[in-house]
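Okay, handing you the structure first.
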Amino acid sequence: MVSAVDPVANSAHVLYVSEGLAQLVGHSTTSLLGQPPDTIFDPSTPPEQMDAVANLVEHGKQAVLPMQLRVGEGESVRVKATFLAVPSISDGWPLYLSMFRRLDIPAESPPLKDPFDSTELFDALAHPGSLDDVVVHLAERAECFIPDGRVVMALAYAHEPTSAKFDLVRTGGLKPSLLTRFFQHIRIDGDLSITQAVPVASLPLDLALEFQNDGTAALWVTPMLRADGEILGAVAVAHPTTAVPTDAEKQLLASVARLAVVAMERSRREADLALRALHDPLTGLPNRDLMTDRLEQLIDAAKWAGPTGKEVLAVVLVDLDRFKTINERRGAIVGDAVLTQTAQRLRSELHVGDTIGRVGPDQFLVVCPSRKDEADAFAMADLLRQAVVAPIDITDQESLQVTASVGVVMLHGDDTLDVADVIANAESAVDVAHEAGRDQVSVFDAELRQQLAARHELERALQEAIDGDELFLVYQPIIEVATGSMMGAEALIRWDRPGHGVLPPALFIEIAEDSGLIIDIGNWVIKEACRQVADWPDRLAGGRPQISVNLSARQLSHPSLLPTVNEALDFYQIDPQSVGFEVTESMKVEDLERASQALVALAELGCHLSIDDFGIGYATLDYLRRFSMAHTLKIDRSFVDGLGSSREDTAIVSASVTLAESLGLTVVAEGVETVEQLEYLHQLGADYAQGYLLSKPVELDDAHLLWHRATLIPGEPF
Ligand code: C2E
Ligand code: CA
Ligand code: CA
């Protein structure tokens with residue numbers, strides 16, 4: 001019995017009932033169709049058992065349960081029922097199949113005559129990928145019941161307005177070419193829902209003769225029709241006489257056709273799901289899973305195929321530049337248009353045998369077994385880059401230009417890399433292209449490999465540095481321009497790396513940021529600076545220094561920042577005003593948005609906030625507007641450098657001082673190296689200065705000594 005469950009009405013109805021079951025329960029098959037399935041269950045069946053059936057159907061499982069079937073007035077029969085739930089067919093209703101076996105049949109009585117109460121069939125229906133098996137199995141069962149007939153099964157694969165084209169899944173021993181011509185000749189359409197007997201005499205003469213030679217006098221054709229009328233196939237029985245099928249035979253064939261439809265719906269759905277699970281729905285390209293799988297196979301094949309040391313496979317990663325910004329600023333529709341058009345263009349550059357997939361939101365991976373040397377692969381990668389650059393049409397009036405950073409990895413015959421390594425290497429090459437200014441191709445080569453290994457080593461060592469007491473702070477005084485006296489200092493990190501000497505932050509901060517170690521390191525800096533502020537000596541003239549600490553973008557969006565600051569201030573009993581934080585202006589806008597909450601909280605605590613490296617950022621004025629809680633602007637060293645000698649630099653410094661003044665911010669000029677620069681700053685009215693002229697960053701004890709001096713300006717009296 002096959003039933004479908006309507007989830008909305010939460011009710012089920014019978015779609016198919018075998019002759020044997022109908023006989024057993026004393027109904028005709030037609031009277032049971034459309035009835036609720038429990039019509040045949042005995043009312044005395046315990047409710048738990050009925051619940052178990054409902055539960056099974058709901059969860060799509062298979063189970064065997066004992067049941068009682070109602071077989072007439074007040075009588076029942078004990079059966080073993082096998083239930084099998086099949087996920088919803090295309091109209092969305094889950095199916096379930098049930099097979100009943102009588103438990104009380106005396107051994108000698110003949111088994112019930114039922115072609116489809118077969119566990120094999122159930123198994124075939126339940127297991128994916130076995131559509132042909134199910135169809136063949138159905139034909140075999142049908143042949144048992146029409147002993148004179150030979151059963152042909154044909155599944156439709158292409159649709160024309162009136163007819164379908166068929167694939168022969170089972171020929172029943174007839175000549176395939178003959179059957180093909182037959183199916184071309186007859187019309188099978190939606191009106192024909194029952195078995196039609198076609199005498200071979202009615203066919204064109206050559207067909208008729210051939211069938212007759214083969215011993216066939218008539219063909220009974222039953223279409224496999226879906227509920228919406230689509231023809232999914234046909235069952236044909238080649239019969240030796242011109243007799244028309246009996247009612248029982250017609251019903252049997254109708255059942256065969258219906259079960260075949262059930263199996264086909266299921267297999268279609270599975271194929272569809274499989275396709276969707278492995279492809280990106282937007283571009284239709286293979287997704288990361290599928291690409292990884294293909295790449296794995298190719299890498300394996302390449303390892304075997306290639307001579308040692310020779311390039312055997314090129315892998316190209318195309319990473320769109322600034323795609324995230326496009327998507328955020330212009331919306332998903334524009335973003336999608338960029339992706340689909342880019343995918344199309346990249347695809348059109350491929351050679352036979354190349355594969356492309358979308359492996360990330362804005363990343364495409366191309367695998368080229370045909371490009372065997374590096375120059376060839378590079379040329380191909382550059383074509384891909386150029387394909388991206390051509391303007392993309394957004395509307396009739398508007399087009400957009402996107403660029404890509406492209407990384408190439410060559411695989412050699414003796415490489416021991418796995419998929420993850422290859423993709424990671426391609427990503428490193430992309431990073432190089434990206435850092436070199438985007439819109440470029442970069443090849444992962446021996447040099448990059450070495451750099452990467454060194455980087456990994458550094459990362460590992462840095463991890464140990466935190467616990468191993470290898471980090472320390474130096475202090476660079478910040479002075480009042482007017483007097484030269486120290487008002488505070490900037491804390492700058494150093495790493496005393498065993499065997500390497502003292503490393504400046506330029507050699508490790510970026511790696512710390514990329515690897516996430518910056519959080520631990522940054523928190524350590526905050527605590528260490530607070531500890532040292534607490535011990536900072538008082539000056540005879542009075543006053544406390546203001547010590548500022550650099551924060552990286554990642555720290556600002558990390559939840560540990562505020563608790564760390566609070567705890568450190570509290571533990572060392574420090575006035576929040578003696579601690580400042582510097583936030584670089586080169587921080588990206590999207591990071592700034594996330595950071596601004598933390599900045600507001602730090603300002604509310606009473607800490608001093610500075611905008612570091614002012615002037616070099618992407619959007620200086622926008623930044624200023626968002627960073628309205630800041631107290632100080634630190635003018636970047638690169639502008640101070642040209643003060644008095646370069647007109648542009650002088651203009652920028654002068655404008656920055658004016659801008660700061662009008663916004664109520666104080667100014668620190670960074671990187672002051674000459675007396676002339678300092679004098680110029682004095683004239684411009686800059687408040688504070690920092691630079692080698694006044695002092696290099698020094699260790700704590702020396703910073704204390706400088707703190708007691710009246711002035712740090714060289715040549716001025718102490
Ligand atoms: P920054 O915040 O701009 O710090 C100023 C840098 O300029 C320091 O380099 C300092 O030694 C250097 N400098 C100061 N005056 C002069 C001068 O007159 N001439 C020249 N040529 N250079 C001068 P340092 O210590 O190597 O730090 C480099 C950068 O590393 C810092 O730039 C800052 O962005 C970062 N950094 C340092 N410590 C930390 C830290 O604890 N956390 C984070 N996140 N970043 C840090
Ligand atoms: Ca700084
Ligand atoms: Ca700076």
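If you project the alpha carbons of the range 288-444 onto their three principal axes, what span does each projection cover, largest first, in Å?
Principal-axis extents of the Cα atoms in the range 288-444, largest first: 53, 29, 23 Å.
Only Cα pairs under 8 Å and at least 6 apart count here; give the relative contact order of the chain as a rounded whole percent.
Across the chain, relative contact order equals 7 percent.
Stretched out fully, how many nm does the piece from ASP535 to ARG329 gain, at 0.36 nm a residue minus the Cα gap?
Working it through step by step, the gained length comes to 69.3 nm.
Convex hull over the alpha-carbon atoms of the range 390-498: what's its volume per residue in Å³?
250
Efficiency by 1/(1 + (r/R0)^6): what FRET value for GLU75 and ASN55, r their Cβ-Cβ distance, R0 = 30 Å, to the nearest 0.05?
0.60
Rounded, prolate or oblate: which fits the range 434-498, taking a ≥ b ≥ c as square roots of the Cα gyration tensor eigenvalues, rounded meaning a/c under 1.5, else prolate when a/b beats b/c?
oblate
Give me the percent of the accessible area of the chain that comes from carbon and sulfur atoms, probe 1.4 Å, all protein chains in place.
Answer for the chain: carbon and sulfur cover 51 percent of the accessible area.
Here is a further query. At 20 °C and 1.002 mPa s, what whole-number value in µm²/s does Stokes-Einstein give for the translational diffusion of the range 544-627, with Rh from the Kirkwood sum over Cα pairs?
The Stokes-Einstein estimate is 163 µm²/s.
Right, next: Separation between the ARG455 and SER515 pseudo-spin-labels, each 7 Å from Cα along Cα→Cβ, expressed in nm?
Distance between the two pseudo-spin positions: 1.2 nm.
Next question. How much accessible area per residue does the range 505-612 have, counting only protein heavy atoms and a probe of 1.4 Å, in square angstrom?
In whole numbers, the range 505-612 has 44 Å² accessible per residue.
Next up: Looking at the range 470-707, I'd like the Rg to Rh ratio, where Rg is from alpha-carbon atoms and Rh is Kirkwood's inverse mean 1/r.
With Rg and the Kirkwood Rh in hand, the quotient comes to 0.94.
Could you compute the FRET efficiency for VAL352 and SER586, with r as their C-beta to C-beta distance and R0 at 56 Å, rounded to 0.05?
Efficiency at R0 = 56 Å is approximately 0.75.
Can you tell me the dipole magnitude for the chain around its Cα centre, using point charges on the Cβ only (Lys, Arg +1; Asp, Glu -1), in Debye to the nearest 20?
2100
Please compute the length gained on full extension between ALA208 and ASP414, using 0.36 nm multiplied by the number of residues separating them and subtracting their Cα-Cα distance.
Extending this stretch completely gives an extra 67.7 nm.
Would you compute, from DSSP H runs of 4+ residues alone, the mean residue ellipticity of the chain at 222 nm, taking -39500 (n - 2.57) per run and dividing by the full residue count, rounded to the nearest 500?
Estimated from H runs of four or more residues: -13000 deg cm²/dmol.
Farthest toward the dipole's positive end in the chain, which of ALA81, ILE713, MET486, given Cβ charges of +1 (Lys, Arg) and -1 (Asp, Glu) about the Cα centre?
Farthest towards the positive end: ALA81.
While we're here: Probe of 1.4 angstrom, ligands and nucleic acids ignored: what's the accessible area per residue over the range 618-712, in square angstrom?
51
First measure r as the distance between the Cβ atoms of ASP467 and GLN386, then evaluate 1/(1 + (r/R0)^6) with R0 = 56 Å and state the FRET efficiency to the nearest 0.05.
The formula returns an efficiency of 0.70 here.
Related question: Taking a cut-off of 27 Å, what percent of all Cα-Cα pairs in the range 575-718 are separated by more than that?
Taking all Cα-Cα pairs of the range 575-718, the fraction more than 27 Å apart is 26 percent.
Which distance in nm do the two modelled labels at LEU400 and ASP247 give, with both placed 7 Å along the Cα-to-Cβ direction?
For LEU400 paired with ASP247, the spin-label model returns 6.8 nm.
Pulled fully out, how much extra length does the chain show between ASN566 and ALA197, if you take 0.36 nm times their separation in residues and subtract their Cα-Cα distance?
Length gained between ASN566 and ALA197: 123.9 nm.
Which whole number of Å³ per residue matches the convex hull of the alpha-carbon atoms in the range 213-351?
Each residue corresponds to 235 Å³ of Cα convex hull volume.
Further question: Just name one of LEU448, ALA529, LEU203: the one whose Cα is farthest towards the positive end of the charge dipole of the chain (beta-carbon charges, Lys/Arg +1, Asp/Glu -1).
Highest projection toward the positive end goes to LEU203.
Still on this structure: Counting only Cα, what are the radius of gyration and maximum Cα-Cα distance Dmax of the chain, in Å?
Gyration radius and largest Cα-Cα distance of the chain: 40.1, 127 Å.
Hydropathy at least 0.0 by Kyte-Doolittle, axial extent at least 20 angstrom from the Cα trace: which helices of the chain, defined as entire DSSP H runs, fit?
Helices meeting the span and hydropathy rule in the chain are 131-145, 247-278, 332-348, 374-389, 419-435, 517-535, 589-605, 647-663.
The values are calculated or read from the model by the stated rules, or taken from the named source; none is laboratory data. Since the structure is predicted, the reported quantities are computational estimates derived from the model, not experimental observations. Cβ: placed from backbone, ideal geometry, glycine included. Neighbour counts: every protein chain shown. For the accessible areas, the whole protein counts, side chains as well, though only heavy atoms, and no ligand, DNA or RNA atoms are used. Shrake-Rupley method; radii C 1.70, N 1.55, O 1.52, S 1.80 Å.
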